[in-house]
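Colleague: Input: one structure, supplied below.
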Ligand SMILES: *Cc1c(COP(=O)(O)O)cnc(C)c1O
């Protein structure tokens, strides 16, 4: 068989051509039925690929129902925040089980708005997970607060509550746990620590729509929960975000803040004040985005179940392969959102085959994987913030020295996960069929069986 080697870009291109824009999930049946065996020559060395057809593309929509909703907004001429946004907010609050929801331009600004309106700002420290997307850390810096990194638990990929406790100082004002990859962080222990130390908690649930702990959805444990609806997320709108909370006054402040500080609900200002009563900015979602979001919401429950079922199945199929350590969920987790499917790759069990070569071999078999996040706690954007005028005025010099910051913010577990071990599959792969999960498992096994050969010959 002709050697078939995809570069990542070619693969994605092929994938999107094959998948199309529509609801074609049922059509992605497996070609692995063709009879490839794990002992066959790996595709990266010229053997037959386990799989030659693509994976579900993302985002997906239903032209018949979804396009009508967007067209209705277009034809109404009301494109700025109005009843469609309000309807989405009401639905999302109900779905999550929170009293209120406020949408924002994106998840990053949902975090900024939440932190700022929980009185976090210059001089404060916020304890955060180092294993996250850059947005989480930039949101803290935007408020003028100082991020403090507490390392993760390698088995769950989530911030380790023991490490949070160790990082509390007299400046600590809040904790920002991230339900990274869509797997819940240990909110039970995190809330205990927060209560004991009187700390504010903002949950970054930007990857964890409908994930649950003890049947209660993440985003509803802390003072505020933040979500993202960016294009790659499980509820895609292009851009978009939301804050949920049960605290009405806080939500009124958030509303005001996201609307240039205008009066809203309990935010009325003094008796003779005008319409603008607090400092704020503009973070409003548009009607088109909400229309797309409402359409996407219709499918979320079903898709979440499918991802979860497929993830559990895939985990069961790969967990016994030496050197493959799939995610663990905390005991009290009743549902995970699986924005990503993560496992740790131990190259020693694969004859020393580097993770990047493992990923290339996987890709050649028709299975696109990723090595995930790079580290953040040691990056230069922090130094840029520390040198800014505001930080220079708000903190003593010794807190702004990047070398000593890095010294006291070491996260060896995160370093290992980012630099050596993490492998992810994307959420849309989990929307394929069960037999497609078998392809993934087969490809990993095939690479395992042939690791020595691959290592020596590529
Ligand atoms: C996507 C994401 C954000 C930011 O959301 P945007 O809508 O892209 O601004 C924040 N935190 C995490 C963990 C994310 O994955």
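Colleague: Run down 89, 67, 72 and say which single residue is in contact with a strand residue (DSSP E or B) (Cβ under 7 Å, 6 or more places away or on another chain) and either part of a loop (DSSP other than H, G, I, E, B) or more than 30 Å from residue 441 (Cβ to Cβ) (or both).
Modeller: Answer to the selection: 89.
Colleague: Restricting to the range 331-350, count the residues that are surrounded by fewer than 24 Cβ atoms within 10 Å (Cβ to Cβ) and more than 20 Å from residue 319 (Cβ to Cβ).
Modeller: Of the residues in that region, 2 qualify.
Colleague: With the requirement that a residue be surrounded by fewer than 24 Cβ atoms within 10 Å (Cβ to Cβ), under 20 Å from residue 137 (Cα atoms) and more than 10 Å from the ligand (Cβ to nearest atom), what does the range 195-246 give you?
Modeller: Those that are surrounded by fewer than 24 Cβ atoms within 10 Å (Cβ to Cβ), under 20 Å from residue 137 (Cα atoms) and more than 10 Å from the ligand (Cβ to nearest atom): 199, 200, 201, 223.
Colleague: Let me ask another. Please go through the range 93-117 and give me each residue that is farther than 14 Å from residue 285 by Cα and within 12 Å of the ligand (Cβ to nearest atom), ordered by number.
Modeller: If the condition is that a residue be farther than 14 Å from residue 285 by Cα and within 12 Å of the ligand (Cβ to nearest atom), then 111, 112, 114 are the ones that fit.
Colleague: Additional query: When the range 59-92 is examined, which residues are found to be surrounded by fewer than 19 Cβ atoms within 10 Å (Cβ to Cβ) and within 16 Å of the ligand (Cβ to nearest atom)?
Modeller: Within the range 59-92, 59 is the sole residue that qualifies.
Colleague: Out of contact with any helix residue (DSSP H, G or I) (no Cβ under 7 Å at 6 or more places or on another chain), under 25 Å from residue 333 (Cα atoms) and at pLDDT 95 or above, is that true of residue 77?
Modeller: no
Colleague: Answer with yes or no whether residue 312 is part of a helix (DSSP H, G or I), surrounded by 14 or more Cβ atoms within 10 Å (Cβ to Cβ) and without any contact (Cβ under 8 Å) to a residue 12 or more places away in the chain.
Modeller: On the way: part of a helix (DSSP H, G or I): yes; surrounded by 14 or more Cβ atoms within 10 Å (Cβ to Cβ): yes; without any contact (Cβ under 8 Å) to a residue 12 or more places away in the chain: yes.
Considered against the rule, which asks whether it is part of a helix (DSSP H, G or I), surrounded by 14 or more Cβ atoms within 10 Å (Cβ to Cβ) and without any contact (Cβ under 8 Å) to a residue 12 or more places away in the chain, residue 312 comes out as yes.
Colleague: Let me ask something else. Being under 25 Å from residue 37 (Cα atoms) and surrounded by fewer than 18 Cβ atoms within 10 Å (Cβ to Cβ) is the requirement here; does residue 328 meet it?
Modeller: no
Colleague: Is there a residue being part of a helix (DSSP H, G or I), touching a residue at least 12 places away in the same chain (Cβ under 8 Å) and closer than 27 Å to residue 432 by Cα anywhere in the range 324-347?
Modeller: Checking the range 324-347: not a single residue is part of a helix (DSSP H, G or I), touching a residue at least 12 places away in the same chain (Cβ under 8 Å) and closer than 27 Å to residue 432 by Cα.
Colleague: Follow-up question, since we're still on this one. Every residue in the range 355-378 that is in a loop (DSSP other than H, G, I, E, B) and surrounded by 14 or more Cβ atoms within 10 Å (Cβ to Cβ), please.
Modeller: 365, 366, 367, 368, 369, 371, 372, 373, 375, 376, 377, 378
The values are calculated or read from the model by the stated rules, or taken from the named source; none is laboratory data. Bear in mind the structure is a predicted one, so any value in this text is a computation, not a measurement. Note: ideal-geometry Cβ built from the backbone for every residue, glycine included; neighbour counts use all protein chains shown.
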